[in-house]
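Participant: Before I ask anything, here is the structure I am working with.
Rule-based calculations on the coordinates, nothing more; no lab input. Just so it is clear, the model here is predicted, and its values are computed rather than measured.
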Amino acid sequence: MNPPHLSPDKKFLTASDVAIILNISRSTAYRIIRSLNEDLKKSGKITIAGKISAKYFYENVYL
């Protein structure tokens, strides 16, 4: 499911990765990451600003 330029063992996606995958701007990708990270924080997970777990991203974004 990963685009060819992304390593399948990559644990976190950056805003640039999300922008490419979804064909959106980086600023929109940052908003999506922020929203997904807020959900993770609510469930007690540790997050990294500007990055999202690749597994969580693919589970929660309809592609």
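Participant: Per residue of the chain, what 222 nm ellipticity follows from adding -39500 (n - 2.57) for every DSSP H run with n ≥ 4, rounded to the nearest 500?
Facilitator: It lands at -15000 deg cm²/dmol.
Participant: Report which label in [x] 1.25; [y] 1.03; [z] 2.03 holds the value of Cα Rg over 2.2 N^0.38 Å derived from the coordinates of this structure.
Facilitator: Computing Cα Rg over 2.2 N^0.38 Å and matching it to [x] 1.25; [y] 1.03; [z] 2.03 gives [y].
Participant: Could you work out how far helix 26-42 tilts from the main Cα principal axis of the chain, as a 0 to 90 degree angle to the nearest 10?
Facilitator: It is inclined by approximately 40 degrees.
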